[in-house]
1. Could you work out the longest stretch of the chain that avoids the trypsin sites (Lys or Arg not before Pro) located in DSSP loops with at most 16 other Cβ atoms within 10 Å?
2. Mind checking which lysines have their C-alpha under 16 Å from Lys10, skipping anything on the same chain fewer than 8 residues away?
3. Subtract the Cα-Cα distance of Ser34 and Ile13 from 0.36 nm times their separation in residues, and report this length gain in nm to one decimal.
4. Pick out, in residue order, every one of the chymotrypsin sites (Phe, Trp or Tyr not before Pro) in region 1-37 that is DSSP loop and has at most 15 other C-beta atoms within 10 Å; say none if there are none.
5. If you take the beta carbon distance between Met1 and Ala25 as r and set R0 to 22 Å, what does 1/(1 + (r/R0)^6) give as a FRET efficiency, to the nearest 0.05?
6. Just the Cα atoms of the chain: what Rg and Dmax do they give in Å?
7. Please list, in order along region 17-24, the HN-Hα scalar couplings obtained from phi with the Karplus expression 6.51 cos²θ - 1.76 cosθ + 1.60 (θ = phi - 60°), rounded to whole Hz, x for Gly and Pro.
8. Quick check: net charge around Arg51, other residues with Cβ under 12 Å of its Cβ, Lys/Arg +1 and Asp/Glu -1?
Amino acid sequence: MPKLYITWVKSGIGYNESQKRTLKALGFRRLNQSVTHNDLASIRGMINKVRHLVKVEEKADEAE
């Protein structure tokens with residue numbers, strides 16, 4: 001399954017509380033942190049909600 005490497009690049013200060021909660025649900029704790037998730041529709045929806053705050057890279061899974 002393809003992986004998504006997501007990096008938090010812009011602060012959530014001044015944005016809706018729901019967007020801040022989405023960043024936390026993606027696993028972010030601090031600015032410039034990167035997390036890895038499987039490429040799922042639910043994760044894509046979360047990324048879409050905070051697309052102005054994160055950078056996304058798609059990588060093929062090397063284990064297969």
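Each reported figure results from applying straightforward, stated rules to the coordinates on display, with no laboratory input. In this text, all values refer to a predicted model and were calculated from it rather than measured experimentally. Note that we place each Cβ from the backbone using ideal geometry, even for glycine, and neighbour counts take in every protein chain shown.
1. Details: sites that count: Lys10, Arg29, Arg30, Arg51.
Between the exposed loop sites, the longest stretch runs 31-50.
2. Lys20, Lys24, Lys49, Lys55
3. Using 0.36 nm per residue and subtracting the Cα-Cα distance, I get 5.7 nm.
4. Numbers: sites: Tyr5, Trp8, Tyr15, Phe28; in loops: Tyr15, Phe28.
Qualifying residues, ordered by number: Tyr15.
5. Values: r = 20 Å, r/R0 = 0.90.
Here the calculated transfer efficiency is 0.65.
6. Cα only, the chain: 11.7, 42 Å (Rg, Dmax).
7. Along region 17-24, the couplings run 4, 5, 6, 5, 5, 5, 4, 5 Hz.
8. For residues surrounding Arg51, the net value is +4.
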